[in-house]
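J.: Here it is: the structure, laid out below.
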Amino acid sequence: MKYEKIAQLKTVEQFRLRLQTLGIALPCDDEILTAAAGSPLADTLAWGPLKAGNRWTIHPMEGWDANHDGTPTELTIRRWRNFGLSGAKMIWGGEAAAVQPDGRANPRQTMAIDSNIAGLAQLREAAAAAHQESFGSADDLIIGLQLTHSGRFCRPLPDHQLRPRIAYHHPLLDAKFHIAAGDDTVVWSDEELEGLIDSYVNAARLAREVGYQFVDVKACHGYLLHEFLGARLRTGKFGGDFAGRTRLLKTIIQRIKSELPGLEVGVRLSAFDFVPYQQGDAVGEPMDFTDCLPYRCGFGSNPNNPLEIDLAEPIQLIRELGELGVIGVNITCGSPYYNPHIQRPAIFPPSDGYQPPEDPLIGVARMIDVARRCKAAAPDVTMVATGFTYLQDYLPHVAQAIVRAGWIDSVGLGRMVLSFPELPAATLQEGEMKRKKVCRTFSDCTTAPRNGIVSGCYPLDPFYKEMDEAKQLRDLKKSQVPTGA
């Protein structure tokens, strides 16, 4: 299925017409406004007691490029330096740091463990120093560290094999990722989870020691704390009803807040999820879930039709997180492992994905609308929205319009800053998008790590384009054959 490419839409009017054709209601300004011209993205923003100098946020992104002991390489440091150069005033965690070695999504993931405290300091300092050099001050810059355990998607060893630790047996995901339904050795016990909570608190302590202003307790994208939010099939105090399913996340936050005064906490949250989709070169279709109804594995989805959004529980959780004193919630959705088209809208799928079953603009609009609805329901909680990269040339036109309209407090950037790291500064200072740097969602930054290659923008970043890995990635893409579901 082919969709009209954004790069072919040469004017704002053509872009608006495309939105109208698709039945999408997104506000969109006529031009990019600089800070001097009154861009709402230039306004300051309070995140609890912290204050960011503008409304741009950089999302966490894993580069699969740390050393095997979790310490940063030059590639890791370069990425964080680019975050500082971006001009965004909120760096939401930089990238996911595993709180213990078995929790890594890849064997070269950064770790927030005692032996890497110097590495964590290096990353924060790289971003802060670059920002200071470029903009004269880092006083209004907020830098956090995202803390994670990858749960079902752990690949901690150099052989890249899955070594899952799951919240419960999922009737569709177990089969999709070859987990035996009767194998309870991979399921966390309540006692083991108490030790995991300690690991999160220790990781947060390390972050505070080296100067991070907050930690993000990651609860999104199918990783462990997100999986627990849908763990109705789990017995015991960490599953079942809403209180049980949210207990692990809330306990970690409460421990950090009580034991580490002065360190703030945020949460990146998958506010809705769909059932897993089938992998292959065909247009994506959901796995057959008819035998799983009512669907008891979702968070933010309708149990009678898990392809429909139900925000009752996510909104309740966001309100409770606000009461716990989190500085903000970063709204995202789904998982890149089993339904990437809703979480990372793109016209070119990653190697382990499928052809998009809808125009990716529909996915962008869905994510922004969910963020709008969450913000409207919890107006006292500061929130950042996700999903803007596929807007491409028109990203700032939509971003400034929805902030002005009060749909959301801050606009988050992910893949776009791999190709165009200085986008926030370029728009606020010069009022322009550098067209040759705009991410066209080729998905190489996902395909590469899925195949053991470091992540980066191979098509557009000259640094990555000249690496040996660029040829390796091109050869890989030529040789790949569809694997089926």
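Nothing in this text is a laboratory measurement; each read-out follows from the coordinates by a stated rule. Here the structure is a predicted model, which is why all the values come from computation and not from measurement. Glycine also receives a Cβ, built like all others from the backbone with ideal geometry; neighbour counts cover every protein chain displayed.
J.: Please state the charge dipole magnitude for the chain, taken about the Cα centre, from unit charges on C-beta atoms (+1 on K and R, -1 on D and E), reported in debye and rounded to the nearest 20.
T.: The dipole of the chain has a size of about 580 debye.
J.: Shifting gears a bit: If R₀ is 45 angstrom, what is the calculated FRET efficiency for the pair Q161 and T11, using the beta carbon separation as r and rounding to 0.05? Can you show the working numbers first?
T.: On the way: r = 49 Å, r/R0 = 1.10.
Efficiency for this residue pair is about 0.35.
J.: In segment 241-322, which trypsin sites (Lys or Arg not before Pro) are in a loop and have at most 13 other Cβ atoms within 10 Å, using DSSP for the loop call?
T.: none
J.: Please report the relative contact order for segment 6-439, taking Cα pairs under 8 Å with a sequence separation of at least 6, and give it as a percent rounded to a whole number. Before the final figure, lay out the partial values.
T.: Numbers: 939 pairs, mean separation 77.8, N = 434.
Computed value for segment 6-439: 18 percent relative contact order.
J.: Which links in K51/K434; K436/K465; K10/K434; K5/K437; K10/K437 stretch past 19 Å when you go from one Cα to the other? Display every interim value, and only then the final one.
T.: Details: K51/K434 29 Å; K436/K465 14 Å; K10/K434 14 Å; K5/K437 16 Å; K10/K437 16 Å.
Result: K51/K434 exceed 19 Å.
J.: Put +1 on the Cβ of each Lys and Arg and -1 on the Cβ of each Asp and Glu in the chain; which of F274, I197, P40 then has its Cα farthest toward the positive end of the dipole?
T.: P40
J.: Here's another thing I want to ask about it. Can you name the helices of the chain, as whole DSSP H runs, whose Cα span along the helix axis is 24 Å or more and whose Kyte-Doolittle mean is not below 0.0?
T.: 117-135, 360-377
J.: For segment 6-439, compute Rh as the Kirkwood radius over C-alpha pairs and then the Stokes-Einstein diffusion coefficient at 20 °C and 1.002 mPa s; write the answer in µm²/s, rounded to an integer. Each step should come with its number before you reach the end.
T.: Working: Rh = 21.7 Å.
Diffusion coefficient, whole number: 99 µm²/s.
J.: Here is a further query. For the pair S479/K51, report the inter-label distance in nm, with labels modelled 7 Å from Cα in the Cβ direction.
T.: Placing both labels 7 Å beyond Cα along the Cβ direction yields 5.6 nm.
J.: Scattering from the C-alpha atoms of segment 369-485 alone, worked out with Debye: what is log10 I(q)/I(0) at q = 0.11, 0.13, 0.16, 0.19 1/Å?
T.: -0.48, -0.63, -0.83, -0.99
J.: Next up: By average Cβ neighbour count within 10 Å, what is the ranking of 408-414, 473-479 from highest down?
T.: With the highest mean Cβ count within 10 Å placed first, the list reads 408-414, 473-479.
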